[in-house]
Amino acid sequence: MSTVSTEIAVRKVNHWIAGNVVPSTSGRYGVVWNPATGEPQAHVDFASAAEVDGAVQVAAQAFVPWRESALSRRAEILFKLRELVDANRRQLATLISLEHGKTIADAMGEVARGLENIEFACGIPHLLKGGFSEQASRGIDVYQIRQPLGVVAGITPFNFPAMVPMWMFANAIACGNTFILKPSEKDPSASMLIAELCAKAGLPEGVFNVLQGDRVAVDRLIDHPEVKAISFVGSTPVAKAVYETGTRNGKRVQALGGAKNHMLVLPDADIGMAADAAVSAAYGSAGERCMAISVVVAVGDVASPLIDAIKERMARIRVGSGQEDGVEMGPLITREHRDKVASYLEHAESEGASLAVDGRGEPCTKTKGFFLGTSLIDNVKPGMRCYEDEIFGPVLSVVRVPTYEAALKLINGNPYGNGTAIFTRDGGVARQFQFDVEVGMVGINVPVPVPVSYYSFGGWKASLFGDLHMYGPEGVQFFTRAKVVTSRWPDPSTSKVDLGFPQVR
Ligand code: NAD
């Protein structure tokens, strides 16, 4: 007797290895949620250590011919990829929005900022030019070349499922490496579309691979002797662990971690402009940005009018599904994360802060999606949980300080150093702040100072482990190693044995 299956087929997100979609054999998988509905929408494969080994082998085989390919050929493929990503912006943004929850407009911004990195990598023939010193000694020339490392891996966070992979792989492959991407298991589909576009652009099989998975895949990538470098972006504890283990294993590692970004507002600032910036930078992408402003540091009597202006703007923000027109802020990534973010609101008042706006009420609680409204905590002080932790949600804290010096001391005393901003009309103070502040990326009347792709991105202190920042010129440096050649083409008749130490003559 035949039976009719009542099981609904679940969409599967697999690996991408050697130019093909490859289902996992591990038997392990994770659930990809739709944060706007609170329903599961797909299963994502979790690679086993043996699957990591297989992918690394594929990438190692692809390395030799890819490394030998002409720079102009690599640039040609990157140009094609640039065109394909450009043509598929909307499709990528929709995938990002469905799995991450951010609005389509915000996801389009993410794709645009990722695309910049492919555009930058199109200039690889120029970027890999070395230095040449003719006649460093009589008849001797010295020159430097940069060569790829081999198989390199990128491990990326949930909050930018397309942009952060593009930060890493564009330069990595342009430099002649082969690449394994381990995307976040929470929103893995954008990486598969990127892989498809790489194949359409003519990238040889095995040069760009995607291994879906969790900690098991990460641990094996960090241990694998054939993986020469790890580019990691995620939370600080994981970044620190990846850096420590990876470097102990002899790998080159850059590991970007979490953040607590302060926006300093001086009494002379334009209140409306500062409030617009604080609201945009705190609640854009529901605060799930490593460059989100999470603390406003209000100097002197600027606090009260600034808070009023912020509250007025907050009241107008439309929260809802990221795919709906007119919505400005979507849900958080998972139920657990939403509940963790909400717990900071629960504890704020018992710690002595004031809950100026509480986002836990309706309409957010009326749906099954992982929503939390915009929230504002005033009178926050160091030592409180809401100040010490990276909240990574739509919660803005206000710390009131009497002077610029007190504000600077607060910011420099924070263990994180990713981004910061100053709002003022005084150029002298802004310049002094840029000089004094111990943070890697600084905005002057710019709240989210993510550098353009021809500079490099990176924080200081607990926001980055490693020496080199990501993408741009430092990205090219990270994915290559230097070789210096000293060369002589002498007349054989002048050659002789000389046991002395070589010196310039
Ligand atoms: P996460 O640390 O949980 O995960 C990042 C990656 O590491 C994912 O691919 C995940 O699968 C993997 N991972 C998670 N736990 C692991 C473990 N114990 N061992 C090995 N691998 C592990 O981070 P997230 O929640 O996906 O992303 C948010 C965090 O990333 C925030 O802290 C945010 O500030 C940070 N972030 C930083 C930057 C930056 O440029 N500094 C950019 C984006 C996000």
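Is it the case, given these coordinates, that residue 199 is away from the ligand (no atom under 12 Å from the Cβ) and either on the phi > 0 side of the Ramachandran plot or small (Gly, Ala, Ser) (or both)?
Numbers: away from the ligand (no atom under 12 Å from the Cβ): yes; either on the phi > 0 side of the Ramachandran plot or small (Gly, Ala, Ser) (or both): yes.
Yes.
I want to confirm something. Restricting to segment 345-372 and keeping residues that are under 21 Å from residue 40 (Cβ atoms) and touching a strand residue (DSSP E or B) at 6+ places or on another chain (Cβ under 9 Å), which single residue is surrounded by the fewest Cβ atoms within 10 Å (Cβ to Cβ)?
Restricting to residues being under 21 Å from residue 40 (Cβ atoms) and touching a strand residue (DSSP E or B) at 6+ places or on another chain (Cβ under 9 Å), the top hit is 368.
When residues of segment 422-444 are filtered for being surrounded by fewer than 16 Cβ atoms within 10 Å (Cβ to Cβ) and assigned to a loop (DSSP other than H, G, I, E, B), how many remain?
3
Suppose we keep only residues that are more than 16 Å from the ligand (Cβ to nearest atom) and surrounded by fewer than 23 Cβ atoms within 10 Å (Cβ to Cβ) within segment 329-344. Which one would you say is nearest to residue 104 (Cα to Cα)?
342
For segment 478-492, state whether one or more residues are closer than 30 Å to residue 132 by Cα and part of a helix (DSSP H, G or I).
Within segment 478-492, the subset closer than 30 Å to residue 132 by Cα is 478-492.
Add one more test, that the residue is part of a helix (DSSP H, G or I), and what stays is 478, 492.
Yes - at least one qualifying residue is present in segment 478-492.
For the structure I just gave you, tell me whether residue 221 is over 30 Å from residue 307 (Cα atoms), more than 14 Å from the ligand (Cβ to nearest atom), at pLDDT 95 or above and assigned to a helix (DSSP H, G or I). Full working, then the answer.
Numbers: over 30 Å from residue 307 (Cα atoms): yes; more than 14 Å from the ligand (Cβ to nearest atom): no; at pLDDT 95 or above: yes; assigned to a helix (DSSP H, G or I): yes.
For residue 221, the condition - over 30 Å from residue 307 (Cα atoms), more than 14 Å from the ligand (Cβ to nearest atom), at pLDDT 95 or above and assigned to a helix (DSSP H, G or I) - is not met.
State yes or no: is residue 205 within 11 Å of the ligand (Cβ to nearest atom), assigned to a loop (DSSP other than H, G, I, E, B) and surrounded by fewer than 23 Cβ atoms within 10 Å (Cβ to Cβ)? Break it down into steps so the answer makes sense when it comes.
Values: within 11 Å of the ligand (Cβ to nearest atom): no; assigned to a loop (DSSP other than H, G, I, E, B): yes; surrounded by fewer than 23 Cβ atoms within 10 Å (Cβ to Cβ): yes.
The answer is no for residue 205.
Of all residues in segment 234-263 being polar (S, T, N, Q) and over 19 Å from residue 478 (Cβ atoms), which is nearest to the ligand (Cβ to nearest atom)? Give the derivation first.
Of the residues in segment 234-263, the ones polar (S, T, N, Q) are 235-236, 245, 247, 249, 254, 261.
Retained after the next criterion (residues that are over 19 Å from residue 478 (Cβ atoms)): 235-236, 261.
On the way: 235: 4, 236: 6, 261: 9 Å.
Taking the candidates together, the pick is 235.
Can you spot a residue in segment 268-286 that is over 27 Å from residue 440 (Cβ atoms) and either outside the structural domain of residue 158 (by TED's automatic domain parsing) or away from the ligand (no atom under 14 Å from the Cβ) (or both)? Explain how you work it out, then say what you get.
First, pick out the residues of segment 268-286 that are over 27 Å from residue 440 (Cβ atoms): 271-272.
The next check asks that each one be either outside the structural domain of residue 158 (by TED's automatic domain parsing) or away from the ligand (no atom under 14 Å from the Cβ) (or both); those that pass are 271-272.
Yes, there is a match, as at least one residue in segment 268-286 is over 27 Å from residue 440 (Cβ atoms) and either outside the structural domain of residue 158 (by TED's automatic domain parsing) or away from the ligand (no atom under 14 Å from the Cβ) (or both).
So residue 470 passes all but one of these: (1) more than 19 Å from residue 251 (Cα to Cα); (2) buried (at least 18 other Cβ atoms within 10 Å of the Cβ); (3) touching a Gly at 6+ places or on another chain (Cβ under 8 Å). Which condition number does it fail?
Of the numbered conditions (1) more than 19 Å from residue 251 (Cα to Cα); (2) buried (at least 18 other Cβ atoms within 10 Å of the Cβ); (3) touching a Gly at 6+ places or on another chain (Cβ under 8 Å), the odd one out for residue 470 is (1).
Of the conditions (1) assigned to a helix (DSSP H, G or I); (2) on the phi > 0 side of the Ramachandran plot, residue 344 satisfies every one except a single condition; which number is it?
Exception for residue 344: condition (2).
Can you tell which of 164, 210 is aliphatic (A, V, I, L, M) and out of contact with any Lys or Arg (no Cβ under 9 Å at 6 or more places or on another chain)? Steps first, please.
On the way: 210 fails: out of contact with any Lys or Arg (no Cβ under 9 Å at 6 or more places or on another chain).
Result of the check over 164, 210: 164.
Hey, any hits in segment 415-422 for a residue that's β-branched (Val, Ile, Thr), outside the structural domain of residue 111 (by TED's automatic domain parsing), more than 30 Å from residue 319 (Cβ to Cβ) and more than 16 Å from the ligand (Cβ to nearest atom)? Give the derivation first.
As a first pass, look at segment 415-422 and keep what is β-branched (Val, Ile, Thr): 420, 422.
When the remaining residues are screened for being outside the structural domain of residue 111 (by TED's automatic domain parsing), the result is 420, 422.
Checking which are more than 30 Å from residue 319 (Cβ to Cβ) leaves us with none.
Within segment 415-422, none of the residues are β-branched (Val, Ile, Thr), outside the structural domain of residue 111 (by TED's automatic domain parsing), more than 30 Å from residue 319 (Cβ to Cβ) and more than 16 Å from the ligand (Cβ to nearest atom).
Of the numbered conditions (1) away from the ligand (no atom under 12 Å from the Cβ); (2) in the same structural domain as residue 104 (by TED's automatic domain parsing); (3) buried (at least 21 other Cβ atoms within 10 Å of the Cβ), residue 226 fails exactly one; give the number of that condition.
The one condition residue 226 does not meet is (3).
Residues in segment 137-162 that are more than 16 Å from the ligand (Cβ to nearest atom) and either within 17 Å of residue 81 (Cβ to Cβ) or surrounded by fewer than 24 Cβ atoms within 10 Å (Cβ to Cβ) (or both): how many? Reasoning before the result, please.
First pass over segment 137-162, keeping only residues more than 16 Å from the ligand (Cβ to nearest atom): 137-151.
Checking the rest, the ones that are also either within 17 Å of residue 81 (Cβ to Cβ) or surrounded by fewer than 24 Cβ atoms within 10 Å (Cβ to Cβ) (or both) come to 137-150.
Final tally of qualifying residues: 14.
If I go through segment 373-387 residue by residue, how many of them are surrounded by fewer than 21 Cβ atoms within 10 Å (Cβ to Cβ), assigned to a loop (DSSP other than H, G, I, E, B) and not small (Gly, Ala, Ser)?
The total comes to 4.
Would you point out which residue out of 231, 184 is within 9 Å of the ligand (Cβ to nearest atom), assigned by TED's automatic domain parsing to the domain that holds residue 19, surrounded by 19 or more Cβ atoms within 10 Å (Cβ to Cβ) and within 19 Å of the chain's Cα centre (by Cα)?
184
Please state which one of 49, 93, 75 is touching a helix residue (DSSP H, G or I) at 6+ places or on another chain (Cβ under 9 Å) and surrounded by 22 or more Cβ atoms within 10 Å (Cβ to Cβ). Explain how you work it out, then say what you get.
Working: 49 fails: surrounded by 22 or more Cβ atoms within 10 Å (Cβ to Cβ); 75 fails: surrounded by 22 or more Cβ atoms within 10 Å (Cβ to Cβ).
Result: 93 is the single residue among 49, 93, 75 that is touching a helix residue (DSSP H, G or I) at 6+ places or on another chain (Cβ under 9 Å) and surrounded by 22 or more Cβ atoms within 10 Å (Cβ to Cβ).
For residues that are in contact with a strand residue (DSSP E or B) (Cβ under 6 Å, 6 or more places away or on another chain) and either at positive phi or within 16 Å of the ligand (Cβ to nearest atom) (or both), tally how many sit in segment 163-181. It would help to see each step written out before you state the result.
Of segment 163-181, the ones in contact with a strand residue (DSSP E or B) (Cβ under 6 Å, 6 or more places away or on another chain) are 164-165, 167-169, 172-173, 175-181.
Still in the list and also either at positive phi or within 16 Å of the ligand (Cβ to nearest atom) (or both): 164-165, 167-169, 176, 179-181.
Of the residues in segment 163-181, 9 are in contact with a strand residue (DSSP E or B) (Cβ under 6 Å, 6 or more places away or on another chain) and either at positive phi or within 16 Å of the ligand (Cβ to nearest atom) (or both).
The values are calculated or read from the model by the stated rules, or taken from the named source; none is laboratory data. Computed from a predicted model, the values in this text were never measured in an experiment. Positions of Cβ are backbone-derived with ideal geometry, glycine not excepted, and every protein chain shown enters the neighbour counts.
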